[in-house]
């Protein structure tokens, strides 16, 4: 069936000299993959710039339920970035977050609230001026709410955050997947942060790296077959 839907570009891989396969998180179908032909040709349905990580697009697609690969009739930008492609830090953040989303968003059914959260967050990233160093941390923690493993902050005054069970507790867990007292304080502060106040959180480079590693570990513990994130190492050196 032919359908119009909005989408977020998560991943693009070259299939042949004249075709690529793109993975998109769509408003109508959730995660879906599409074959795109002749990207570099004048009459192609899309230009390479449209396939940049986290691009927001309007798509006219031929979507067949049950198939793994679908076709695109037309693709247009739904939102034009003003800063992400031209700002090295924002561009690196977009690359990292798109890889995280590519590895975590696996559902092939629509989720309107999740799509709205992603769409709003991407636009926030483009316009963000203050607190950029904390953006990815806040984004990933807020995302857990939609993925079904949001940390329980009811007892955040307790001393240790248990990454495996997603709770704060007074005693050290009987496993190795937990944060120290100091790390738990920083983690609790992040849980209360949003895009409007994240600039108020001041972390050293080492603390920010540890927080990011802990959040990625949290994802790894709660998402089956969650593999390594290739862009993580690059991101760790961004805010030196």
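Any idea which of 90, 14 is loosely packed, with under 14 Cβ neighbours inside 10 Å, not in a loop (DSSP other than H, G, I, E, B) and not assigned by TED's automatic domain parsing to the domain that holds residue 143? If you could, list the steps in order and put the result at the bottom.
Details: 90 fails: loosely packed, with under 14 Cβ neighbours inside 10 Å.
Answer to the selection: 14.
With the checklist (1) in a loop (DSSP other than H, G, I, E, B); (2) crowded, with 16+ Cβ neighbours inside 10 Å in hand, flag the one item residue 144 doesn't pass.
So the condition that residue 144 fails would be (1).
Considering region 1-39 alone, what residues qualify as being free of Cβ contacts under 8 Å to residues at least 24 places away in the same chain and touching a helix residue (DSSP H, G or I) at 6+ places or on another chain (Cβ under 9 Å)?
Of region 1-39, the ones free of Cβ contacts under 8 Å to residues at least 24 places away in the same chain are 13-19, 37-39.
Hit for region 1-39 is 39, nothing else.
Tally the residues that are loosely packed, with under 15 Cβ neighbours inside 10 Å and on the phi > 0 side of the Ramachandran plot, restricting the search to region 156-194.
The number of residues fulfilling the criteria is 0.
Residues to consider are 115, 135; find the one that is within 19 Å of residue 4 (Cα to Cα), at pLDDT 95 or above and surrounded by 18 or more Cβ atoms within 10 Å (Cβ to Cβ).
Working: 135 fails: within 19 Å of residue 4 (Cα to Cα).
The unique qualifying residue is 115.
Go over the candidates 97, 101, 125, 105 one by one and state the one that is touching a helix residue (DSSP H, G or I) at 6+ places or on another chain (Cβ under 7 Å), touching a residue at least 40 places away in the same chain (Cβ under 8 Å) and over 15 Å from residue 83 (Cα atoms). I'd like the intermediate steps shown before the answer.
Numbers: 101 fails: touching a helix residue (DSSP H, G or I) at 6+ places or on another chain (Cβ under 7 Å); 125 fails: over 15 Å from residue 83 (Cα atoms); 105 fails: touching a helix residue (DSSP H, G or I) at 6+ places or on another chain (Cβ under 7 Å).
Result: 97 is the single residue among 97, 101, 125, 105 that is touching a helix residue (DSSP H, G or I) at 6+ places or on another chain (Cβ under 7 Å), touching a residue at least 40 places away in the same chain (Cβ under 8 Å) and over 15 Å from residue 83 (Cα atoms).
Hey, among the residues in region 173-195 that are more than 17 Å from residue 144 (Cβ to Cβ) and in a loop (DSSP other than H, G, I, E, B), which one's farthest from the chain's Cα centre (by Cα)?
174
Could you please let me know if residue 96 is more than 22 Å from residue 192 (Cβ to Cβ) and assigned to a helix (DSSP H, G or I)?
On the way: more than 22 Å from residue 192 (Cβ to Cβ): yes; assigned to a helix (DSSP H, G or I): yes.
So residue 96 passes the test.
With the requirement that a residue be free of Cβ contacts under 8 Å to residues at least 60 places away in the same chain and over 24 Å from residue 128 (Cβ atoms), what does region 66-94 give you? So that I can check it myself, show each step before the final result.
Narrowing region 66-94 to residues free of Cβ contacts under 8 Å to residues at least 60 places away in the same chain: 66-72, 74-77, 79-88, 90-91, 94.
Result: 66, 67, 68, 69, 70, 71, 72, 74, 75, 76.
The values are calculated or read from the model by the stated rules, or taken from the named source; none is laboratory data. Not measured: the values here are computed from a predicted model. Every residue, glycine as well, gets a Cβ built from its backbone with ideal geometry; the counts of neighbours run over all protein chains shown.
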